[in-house]
Amino acid sequence: MVHIKINGLEIEVTEGTSVLKAAEIAGVKVPALCFNEELGHFTSCMLCLVKDAANGRLFPSCSVTTTEGMSVITDDEEIHEARQTGLELLLSEHVGDCEGPCQVACPAHMDIPRMNRLIAAGKFEAALKLVKKDIALPAVLGRICPAPCEGACHRKTVDASVSICLLKRFVGDENNLHPYEPLPLNSKKVAVIGAGPAGLAAAYYLQLNGYQTVLYDKNDVPGGLLRTEIKPEVLPLNILHKEISTILNTGVVFEGGKDIDEIAFKNIKIQYDAVIVATGTLVDEIRNWGFTTNAKGIEANQNSYATSVTGVFAIGNSLRSSRLAVRSVGQGKEVAWSVAQYLSGEVPKGEPRLFNSRFGRLHKEEISEYLKESVPYERVSLADIQSKGYTKEEAIQEAKRCLHCDCRDIENCKLRDLSGKYDANQRRYAADSRKTMTKHFAHSIVYEPLKCIKCGICVRMTSKYQEKYGFSFIGRGFDVVIGVPFNESVETGLAETAEIVAKACPTGALSIKDKL
């Protein structure tokens, strides 16, 4: 046995144990991309660097074995910087979007590519459940949203953008089911002042998460400007009523006909554990409620929506006037995160935002690569669709036009997780021009070489499982790539191990093709 110290903690490990494994035994997770438990170390990514406490030397913990009396530091400012630099070098050649550009452009940050895949597969209930994670009023917004997401859609480079808003409308119209059951109520109560799109969304997500929410509005019925400013031929009242009822049916209490003044607001603050102001465009009365305000509205933190009054948050047009209902709905979802954090004793930070790789516009020669996962026909004519909406067949056909620009393995990508953790800057070492991406399909997987970090796991995995061709390092120096030798296809190279290798890949370079 060997006695060592990990961050000052004395532990005993078997002779020959790697420092990486010893740290794990000590309860410390050291990051690594090229290490695989089944295959052992390879020492290429250099993210597992740790420090010898005796001499300050950095070394890769995956490939150095423990020695008697060793003392190791697993994280400090120098180690953090070294790992950050390592990640930035890996990202400098990484060509791929974590999230599709449509999702990035959506003010509610809805996972549009996955919605499209679910609709294309005829899984309409699953699509509704996905949409409602981010958008509380899909049938409403599917009729009135100006669709900034469609402006960012890569498909318009080919012919015309995917009709995202109409697909969202279809999902909302097609299902009468409530996709989520609220959590059991906890002891906390939240008041939302204003029952427009922002307030409705905030109340919905808070109630779902177990916070008894009471929605106050000066009008006798909820809906705000959705009810008073939009023509019924654009937004039929029965559609609005249906979606608002879905929100109220979660247990949200609506108190209509309540014109909140300064005294009423003070009483609400006393009665509730948190308050959300979603009153619409700010009026002089509200400026007397004790907030810091400016010419546009209430001043609030741009991430958490916390105001200058402790426990009070502001969203929607109370911050600044806007005609974009999807932005208000998105803020309603985001403020629910902040309120939950506040009521849990945390500092409100809002909805977590993960690292997002982005490569910009498609090269002309990349269009054919993306069309491999799509269909060649143009979008369904909008002439009649705007009034009657898509049929199931039309929705499926339109959803199949999606180019699937997002990463299929976004939830399991270690590169993304670590880049966020170490605040890596993808552009720091990036070249002026990027390489052209390609997609290769084999069996049940898709291989995108420019997402590869050359960790060698796939090479070693195909060798271990004795693939006839397998994967190999091809080329030299900076030009080395991973591919199938003798110019064989990826399908030939991964004849027996396609899914095994895809599951072992630490990035989205190899991923399951039909993953929804």
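The values are calculated or read from the model by the stated rules, or taken from the named source; none is laboratory data. This one's a predicted model, so the numbers in the text were calculated from it and none came from an experiment. No Cβ is skipped: glycine too gets one built from the backbone with ideal geometry, and neighbour counts run over all protein chains shown.
Data table
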{"quantity": "Selected residue (only one of THR497, THR492, THR462 is on the phi < 0 side of the Ramachandran plot, of a type outside the set (Lys, Arg) and touching an Asp or Glu at 6+ places or on another chain (Cβ under 7 Å))", "calculated": "THR497"}
{"quantity": "Candidate set from the range 8-18 (those that are of a type outside the set (Ser, Thr, Tyr) and in a strand (DSSP E or B)); member that is nearest to ILE79 (Cα to Cα)", "calculated": "LEU9"}
{"quantity": "Subset of the range 431-461 [farther than 23 Å from THR43 by Cα and part of a loop (DSSP other than H, G, I, E, B)]", "calculated": "ALA431, ASP432, SER433, ARG434, LYS435, THR436, MET437, THR438, LYS439, HIS443, SER444"}
{"quantity": "Residue among SER368, SER357, SER419 that alone is part of a loop (DSSP other than H, G, I, E, B), more than 22 Å from LEU118 (Cβ to Cβ) and polar (S, T, N, Q)", "calculated": "SER357"}
{"quantity": "Matching strands (runs of 3 or more DSSP E) fully within the range 179-297 where at least 2 residues are of a type in the set (Ser, Thr, Tyr) and closer than 20 Å to GLY330 by Cα", "calculated": "212-216"}
{"quantity": "Whichever residue in the range 289-318 is touching a Lys or Arg at 6+ places or on another chain (Cβ under 6 Å) and surrounded by 15 or more Cβ atoms within 10 Å (Cβ to Cβ) and, among such residues, is nearest to TYR342 (Cα to Cα)", "calculated": "SER304"}
{"quantity": "Residue count for the range 462-494, restricted to those that are within 24 Å of LEU87 (Cβ to Cβ) and part of a helix (DSSP H, G or I)", "calculated": "3"}
{"quantity": "Matching residues in the range 272-286 - criterion: being of a type outside the set (D, E, K, R) and either modelled with pLDDT of 90 or more or surrounded by 14 or more Cβ atoms within 10 Å (Cβ to Cβ) (or both)", "calculated": "TYR272, ALA274, VAL275, ILE276, VAL277, ALA278, THR279, GLY280, THR281, LEU282, ILE286"}
{"quantity": "Answer from GLU24, GLU15, GLU88, GLU37 - the residue that is more than 28 Å from LYS435 (Cα to Cα), of a type outside the set (Gly, Ala, Ser) and at pLDDT 95 or above", "calculated": "GLU24"}
{"quantity": "Positions within the range 343-377 being surrounded by 17 or more Cβ atoms within 10 Å (Cβ to Cβ) and either modelled with pLDDT under 90 or among the hydrophobic types (A, V, I, L, M, F, W, C) (or both), in sequence order", "calculated": "LEU343, PHE355, PHE359, LEU362, GLU373"}
{"quantity": "Count of residues meeting criterion [surrounded by fewer than 20 Cβ atoms within 10 Å (Cβ to Cβ), farther than 24 Å from GLU366 by Cβ and of a type in the set (A, V, I, L, M)] in the range 450-484", "calculated": "1"}
{"quantity": "Which listed residue is of a type outside the set (A, V, I, L, M), free of Cβ contacts under 8 Å to residues at least 60 places away in the same chain and assigned to a strand (DSSP E or B), from LYS29, LYS21, LYS5, LYS51", "calculated": "LYS51"}
{"quantity": "Selection within the range 319-339 - surrounded by fewer than 22 Cβ atoms within 10 Å (Cβ to Cβ) and either in the same structural domain as THR157 (by TED's automatic domain parsing) or part of a loop (DSSP other than H, G, I, E, B) (or both)", "calculated": "ARG320, SER321, SER322, ARG323, LEU324"}
{"quantity": "Count of the range 401-456 residues which are over 30 Å from SER163 (Cβ atoms) and aliphatic (A, V, I, L, M)", "calculated": "7"}
{"quantity": "Of residues in the range 391-445 being acidic (Asp, Glu) and crowded, with 21+ Cβ neighbours inside 10 Å, the one farthest from TYR377 (Cα to Cα)", "calculated": "ASP409"}
{"quantity": "Residue in the range 409-429 that is under 30 Å from PRO232 (Cα atoms) and small (Gly, Ala, Ser) present", "calculated": "no"}
{"quantity": "Given (1) assigned to a loop (DSSP other than H, G, I, E, B); (2) assigned by TED's automatic domain parsing to the domain that holds PRO113; (3) in contact with a Phe, Trp or Tyr (Cβ under 6 Å, 6 or more places away or on another chain), number of the condition ALA395 does not satisfy", "calculated": "(1)"}
{"quantity": "Residue match in the range 85-102 (condition: outside any helix (DSSP H, G or I), more than 30 Å from ARG408 (Cβ to Cβ) and touching a residue at least 12 places away in the same chain (Cβ under 8 Å))", "calculated": "no"}
{"quantity": "Qualifying residue in the range 152-171 (condition: assigned by TED's automatic domain parsing to the domain that holds ILE268, touching a residue at least 12 places away in the same chain (Cβ under 8 Å), surrounded by 18 or more Cβ atoms within 10 Å (Cβ to Cβ) and outside any loop (DSSP other than H, G, I, E, B))", "calculated": "no"}
{"quantity": "First in the range 473-485 and in contact (Cβ under 8 Å) with a residue 24 or more places away in the chain and in the same structural domain as CYS455 (by TED's automatic domain parsing), second anywhere and surrounded by 13 or more Cβ atoms within 10 Å (Cβ to Cβ) and basic (Lys, Arg), Cβ under 9 Å, 6 or more apart", "calculated": "VAL480/LYS454; VAL481/LYS454; ILE482/LYS454"}
{"quantity": "Pick from the range 287-303, criterion in contact with a helix residue (DSSP H, G or I) (Cβ under 7 Å, 6 or more places away or on another chain) and under 24 Å from THR228 (Cα atoms), ranking: modelled with the highest pLDDT", "calculated": "ILE298"}
{"quantity": "Any hit, the range 29-39, residues being farther than 20 Å from LEU87 by Cα, in contact with a Lys or Arg (Cβ under 6 Å, 6 or more places away or on another chain) and not assigned by TED's automatic domain parsing to the domain that holds LYS503", "calculated": "yes"}
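The rows are residues; the columns are (1) in the same structural domain as GLU150 (by TED's automatic domain parsing); (2) modelled with pLDDT of 95 or more; (3) in a loop (DSSP other than H, G, I, E, B).
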position: PHE42; (1), (2), (3): no, no, yes
position: HIS80; (1), (2), (3): no, yes, no
position: ASN116; (1), (2), (3): yes, yes, no
position: GLU125; (1), (2), (3): yes, no, no
position: ASP134; (1), (2), (3): yes, yes, yes
